[in-house]
Structure formats: structure tokens, C-alpha cells
Amino acid sequence: MNRRHPDRPPRAARWLAAVTVVFFCLPFVGLLWKTPWSRLLDVVTDESGRRALWLSMRTSVLAALLSVVFGVPLAWVLATSRFRGRNLIRALCLISMVLPPVVGGISLLFSLGRTGLIGRWLDDWFGFRFTFSSWGVVVAQVFVAMPFLVLTVEGALRQADTRLAEAARTLGATPWYAFRRVTIPSISGALIAGTVLAWARAFGEFGATITFAGNYPGTTRTLSIETYVALESDPGRSMALSVLMVGISFVVLVTLRDRWLGAERSS
Amino acid sequence: MRGIRVAVLAIVGSSLMAGCGGDNPTTLRVMAASSLTGAFAEVEAAFELAVPDVDVVMITSSSSSLAAQIVDGADVDVFASADEEQFERAADARTFDPPRVFATNSLVIIVPPGNPRDVRTVDDLARDDVLVATASEDVPIRRYTDRLLAMAGVTANFVTFEANVSGIVTKVATGAADAGIVYVSDLVGADVEGVDVPSQLDVVARYPIAAATNSSRAELARRFVDFTMSADGRAILVANGFTAP
């Protein structure tokens, strides 16, 4: 394990890497330094903080699951099918990743919102509304988070060895069976990484949520919105909430170990 | 290929230079309450015409958010707040000239075009089928709204607490919410209809403005405040739905 990597970067590259590490760590050092630690317990025990945390947990986990259910088939199609306009479809499905979340929120408002293209019928026929409901939060989160899963899984599927799945098919497996039992296990690392990334993005979602779903305690005020609201009235509380969010996301990302990133290890 | 490379170099180069650009002409940083956005854009244009070599940078957000930024050390030359409380909060952290009330604003109920839920009175805001948008606790419009509702003895059916007045107007204009209470000045140019509030319930919002002292630009900042209070400034404010005291 201690053997030097054959492609060890030169000193200059390592220095630049160190600068980058400092760049990413410094903001958190600043946050941790300023945070009133005594208040950390308050924000997870007082009603408003607990409600926001619970809402964020529920919605982000659901958003991650929905991203898997709908994102894996999309990645499968994008990775294996050749059809005209595939690149356009891919770009459309991934664009929310780079779009300002507010733009996503506005688009959702005009499509699924109460007077939107589809939303008005949902309201008229079923009395169902995404706006100002937790479902709206989930939709906003799925919209911005799913591309992370699609991108990760599609990349892995493209690199996956197709011969095993072909062998399974010649032995009589249905396409679904071969995909589930042969292909998925071979890309499980990427699938987990994609799911965790999508969850993390959903957990931190702010702009699309407040624009599309609104901001109401218990139904749409997620932890990130709670943090933003507190910034104006009670900065100490806002910092404690920020530390909580950093902590949760950090713990989850640490569990995303490098072997899940699908890299070939040359040890 | 060569063309692309040149273009990329040009973009990178100009962005580097923008990052290091100097303050020339003098930049005046004016923080103004969200409800002043339209009016102050016109005040800015008129002031820049009247005073050469000044670039007014307008920062608009909820007064509570602006006050929080000032408390946090944000660079500011003029602060125009939608209530006196948020101004005092900022003035505790940084020294300002004594504030002058340059505008007042009254409240109005807004509904989407066509008033789909037939909202006619303040009492209607309590109805189950009327979704009402307002702002978070510390935003001035929320305080004025709460005061009005308390006087009327109405518990409104709030469904969302937006970050500022513009958020309320957007939610109502897009029909996501059925009603909201905002300032009369917000009706100007917005795709909403107004429902008058009975005058005995109306709460008058008072807007203080002041120049920050202890800055090399304090004199210029005072000129901006004077300009806002001048006949020209008043005319702009009145045209935008405010009342000039």
C-alpha cells in the first residue's frame, strides 16, 4: 500500500492541490470559528429547527429514491440506445444541474404550479396542489438532484463490460433480469455514489424550493430555508443550523469512499 | 480553432480585469427596501444625470436583510428602509446621519388578475379557500400586515412566508396564492389587482433614509438623500405610488 503511485504528480501540482484544499476548508473553519456552539443543541431540539430537519430528511430521502426509480432507466436508455436527438434529450434532462435553481423554480411554477400548464388541471380536477405542499418540495428537489444520479450511472454503464449481460441473455434471462442481476451489481458503486450525490443535492436545495413550493413551517420550510430565514433575524441560530447541515452532509459524503467512485485502483 | 482560442482568451482576460477594476467614476452604494425597487431605479437614473461622474449601485432586498448585511459590515453609503425599526438596527452598527422620512406608503390587498376567489374584504383573508401569501417575521411588510390583521381581528390563512415584498407579489401574480397584503406602491407595474383596505384599518408605513457618515463618500451620499427629498425626487416617488410627506 505504501508503494508510490506510478503517476505521482510533481511538486508544483501537489502545491496547487494543497491550495485548493485550503480554499475549500477555509470557509468551514470560518464558520466553525464564529459559531456559538452552545446553540447547536437548541436548533435540533427547538420546535422550529426539529420540524425543518425532519422535513428536509423526509423530502430529500424521498427525492433520492424517486431519482433512482426514474433516473436509472433514463441512464440505461441514454447509455445503450442510439437514436436521433439523444444528445438533445440528455442536455434537456441534465440542464437543471447547471441552471440557477431559481430559474428551475420559476419553470416549475409555470408548469406544475397552481395556474401552470399542468398544475391548473391538477387543481381543478383533483384539488391537488404542488405549491405550498411538501410534494412541491420533493418535486423541486428531484428536478435539481436527479441529473447527478443520471450522469454518474450513465457514465458507469458506458464503461461497464457488456459481455456478462450478453451471456446472461443468451442463457435465457429477460432484459430486466439481466439488468437487475448482472449489470446493476457491476455498477453498484456508481449507483450508490449517484444516489448519495442526488440526496446531498436535494438536502441542500434552496432556490427552486422557495420559488416553487414556498416557505411554511412544517410543510415547505426545509433546513436550508430555515437557515436563510434565521440569517436576518438571528445570525447565531443561522450559523448553528449551517454547522448542522455541513455536519450531516459531511458524514454522508465521507461514507462515499473512493472505491465507490468507480475508479480503477492500481494498487 | 484559432478563433475559439482568441475568443476564450479575450473572455478570460476581460473577466480578470473586471475582477481587479478600480472605482472610477465614484461608486455610491445605495441600499433600498425591496418595495422601492422601481422608484429608486428612476431616482438613480435622474441622480446620475444631475451629478456627473457618479455611478450609483442600487442594492435592493427586504429591509431586514439589508439591515443584517449592514450589521455584518457591508459597505453602504445610503440606507433607505421600509420601517424605522430596521433602520435603527442598522444605525446601531454603523453611524448614519439622523434619518429623514422621505416617503410613506399605505397597505392594499392584492389578488391575481380577475380576482378568481372574489376577495373583497380583510375578513376574506381568513377563508379556507383563499391562500394568503406574506413575508417572514422580520420583514417590515409582515409587521405592518400583522398590525392591520390584529386591528381587524382576522387570522389570515397564510400558506407561505416569502423573503420580501417582491416574493408576495410574484406568488399572487402567478396565481400560486389568492391574496396578499403589500404596499400600494407595489401595484405600479405589477400584474395584480388591488382591493382597498378600509382607511380606519390602514397602517401607514414610514420610510426613513440617511447617509452613512465616516466615509470619503459621505458628502455625495448626502447629495443623494437631498435629491430624493427634492421636488424631482418626490415627483418620482409619487409617480410610483408613494406618498411624499
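What follows is calculated from the coordinates using simple rules that are stated; it is not laboratory data. Being a predicted model, the structure only gives us computed values, none of them experimental. Glycine gets a Cβ as well: all are built from the backbone with ideal geometry, and neighbour counts include every protein chain shown.
Indicate, rounded to the nearest 5 percent, the antiparallel portion of the DSSP beta bridges found entirely in the protein assembly as shown. Kindly include the intermediate steps, with their values, before the conclusion.
Details: 17 of 34 bridges.
The antiparallel proportion sits near 50 percent.
For the peptides A:239-247, B:53-61, B:67-75, the ranking by mean Cβ contacts within 10 Å, running from highest to lowest, is A:239-247, B:67-75, B:53-61.
Computed packing ranks the peptides B:26-39, A:182-195 as B:26-39, A:182-195, most packed first, by mean other Cβ atoms within 10 Å. Once you've got the GNM for chain A with C-alpha springs shorter than 10 Å, pick whichever of A:I225, A:I118, A:I95 has the biggest mean-square fluctuation. Of A:I225, A:I118, A:I95, the most mobile in the Gaussian network model is A:I118.
Across peptide A:147-154, the mean count of Cβ atoms from other chains lying within 10 Å of each residue's own Cβ comes to 0.
Largest GNM mean-square fluctuation among B:F102, B:F227, B:F87, using chain B with Cα springs under 10 Å: B:F227. DSSP beta bridges confined to region B:107-195 are antiparallel in about 55 percent of cases.
Within region B:30-116, none of the GluC sites (Glu not before Pro) combine a DSSP coil assignment with at most 14 other C-beta atoms in a 10 angstrom radius.
Ordering of A:4-17, A:36-49 by packing is A:36-49, A:4-17, highest average first (other Cβ atoms within 10 Å, averaged per residue).
Return the percentage of antiparallel bridges among DSSP beta bridges fully within chain B, rounded to the nearest 5 %. Please list the in-between numbers first.
Values: 17 of 34 bridges.
Antiparallel bridges: around 50 percent, rounded to the nearest 5.
The three principal axes of the C-alpha atoms in region A:76-183 carry coordinate ranges of 52, 30, 26 Å, sorted with the longest axis first.
Hull volume per residue, based on the alpha-carbon atoms of region A:207-255 and their convex hull, is 84 Å³. By the compact-protein rule of thumb, 2.2 N^0.38 Å, the alpha-carbon radius of gyration of region A:161-235 corresponds to a ratio of 1.87. On a C-alpha basis, how far is the centre of region A:81-128 from the centre of region B:43-115 in Å? Whole number, if you could? If you average the Cα positions of each part, the centres end up 36 Å apart. Just need log10 I(q)/I(0) for chain A at q = 0.09, 0.11, 0.14, 0.16 Å⁻¹, Debye formula, equal scatterers on the alpha-carbon atoms, no solvent, rounded to two decimals. The Cα Debye sum returns log10 ratios of -0.54, -0.78, -1.11, -1.26.
Would you work out the relative contact order for chain A, in percent, from Cα pairs under 8 angstrom that are 6 or more residues apart? It rounds to 29 percent for chain A.
Add +1 for every Lys or Arg and -1 for every Asp or Glu among the other residues with Cβ under 13 Å from the Cβ of B:L148, and state the total. Net charge in that neighbourhood comes out at -1. The eigenvalues of the Cα gyration tensor, multiplied by 5 and square-rooted, give region B:138-183 an equivalent ellipsoid with semi-axes of 18, 12, 8 Å from largest to smallest.
Per residue of A:221-233, how many C-beta atoms from partner chains lie within 10 Å of its own C-beta, taken as a mean? Mind dumping the intermediate values first?
Details: counts 3, 0, 0, 0, 3, 0, 0, 3, 6, 1, 5, 16, 6.
Across A:221-233, the average partner-chain Cβ count within 10 Å equals 3.
Partner shielding of B:155-164 amounts to 4, given as the average count of beta-carbon atoms from other chains within 10 Å of each residue beta-carbon. Computed from the alpha carbon atoms alone, the convex hull of the protein assembly as shown holds 224 Å³ per residue. Relative to its Kirkwood radius, the Cα radius of gyration of chain B gives an Rg/Rh of 1.06.
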